[in-house]
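Quick one: this structure, given as C-alpha cells, is what I'll be asking you about.
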Amino acid sequence: VSDLTGLPLANCSLLDEATSAAEAVTMMRNLRSREQVKNGVCKVFVDEQIFPNTLSVMRTRANGQGIELVVGRYADFEPTAEFFGALVQLPNADGSIEDYTAFIDDCHAAGLKVTVVADLMSLVLLKPLDADIVCGTAQRLGLPMGFGGPTAGYMATRDEFKRDIPGRIIG
C-alpha cells in the first residue's frame, strides 16, 4: 500500500472504503492547525464525483462530530480559511481519472489537508499524488465480494501524522 500510494505509513483494520474515507475526514479534523481550531473551522470540501455510499457514511459520521461537508465540483472549488480539508475520488464515480495536482497544490497553499480515496489497482498505473491521506478498499487485492465481503479498508499517510492514523499500523 505504501508503494502504491507513495506515502510512507500504511494501516489496516478499517472496515471498507466508506469507513476509511470517514476516518480520513476525522483525521483531517484532528490535524487542524491551532489557528483553525481557535477559529472553529469545521468544513470539509467533498468532490461531487465521490461514490454515493462513501458520501453517505461520511455524512453520518461527520454529523455526529460537528463537521460540515460541502459537496461540489473540485474544479470550481476555491480553498479558503473556512475549510480544513478536501476529499476527492480516483477514479471518480464516473470512472474518470482526473489530474488533481493543481487542486492539491491550491489546497495545501491555503492550509487544507487533502485526502484521495483511491482504487489500489489504479495506482499501479498512475503516479502518486502529493495528498496527505490516501484511503480506500483493499478488496481488489483480496477476497471476492461474493465471499463474505466487505474486505479491509486501507489508509496511507505521511509519517508526521502517525499519531492520528486509525487502525493498526503496518509496514
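How many residues does region 26-58 contain that are under 21 Å from residue 134 (Cβ atoms) and touching a strand residue (DSSP E or B) at 6+ places or on another chain (Cβ under 9 Å)?
16
Which of the residues spanning region 94-120 are among the small types (Gly, Ala, Ser), under 27 Å from residue 138 (Cα atoms) and surrounded by 15 or more Cβ atoms within 10 Å (Cβ to Cβ)?
118
Here's something else I'd like to know. Give me the pairs, please: first residue somewhere in region 23-47 and within 29 Å of residue 137 (Cα to Cα), second residue anywhere and part of a helix (DSSP H, G or I) and basic (Lys, Arg), beta-carbon distance under 6 Å, and either six or more positions apart or on two chains.
Close Cβ pairs satisfying both conditions: none exist.
Whether any residue in region 81-89 is of a type in the set (S, T, N, Q), surrounded by fewer than 19 Cβ atoms within 10 Å (Cβ to Cβ) and either within 18 Å of residue 162 (Cα to Cα) or touching a residue at least 12 places away in the same chain (Cβ under 8 Å) (or both) is what I want to check.
No, every residue in region 81-89 fails to be of a type in the set (S, T, N, Q), surrounded by fewer than 19 Cβ atoms within 10 Å (Cβ to Cβ) and either within 18 Å of residue 162 (Cα to Cα) or touching a residue at least 12 places away in the same chain (Cβ under 8 Å) (or both).
Does region 47-55 include one or more residues that are open to solvent by 20 Å² or more (accessible area, probe 1.4 Å) and hydroxyl-bearing (Ser, Thr, Tyr)?
Checked against the condition, which is being open to solvent by 20 Å² or more (accessible area, probe 1.4 Å) and hydroxyl-bearing (Ser, Thr, Tyr), region 47-55 yields no hits at all.
Shifting gears a bit: State the number of residues belonging to region 86-111 that are in contact with an Asp or Glu (Cβ under 9 Å, 6 or more places away or on another chain) and of a type in the set (D, E, K, R).
Counting residues in region 86-111 that are in contact with an Asp or Glu (Cβ under 9 Å, 6 or more places away or on another chain) and of a type in the set (D, E, K, R) gives 3.
Could you please let me know if residue 23 is within 19 Å of residue 132 (Cβ to Cβ) and open to solvent by 50 Å² or more (accessible area, probe 1.4 Å)?
So residue 23 does not fit the description; no.
Within region 56-67, can you find the residues that are open to solvent by 50 Å² or more (accessible area, probe 1.4 Å) and under 13 Å from residue 28 (Cα atoms)?
65
Just the residues that are open to solvent by 10 Å² or more (accessible area, probe 1.4 Å) and in contact with a Gly (Cβ under 7 Å, 6 or more places away or on another chain), please, taken from region 26-35.
Matches in region 26-35: 33 only.
The values are calculated or read from the model by the stated rules, or taken from the named source; none is laboratory data. None of these values were measured; they are calculated from a predicted model. Glycine gets a Cβ as well: all are built from the backbone with ideal geometry, and neighbour counts include every protein chain shown. To get the accessible areas, we keep the full protein, side chains included, count just its heavy atoms, and leave off ligands, DNA and RNA. Shrake-Rupley method; radii C 1.70, N 1.55, O 1.52, S 1.80 Å.
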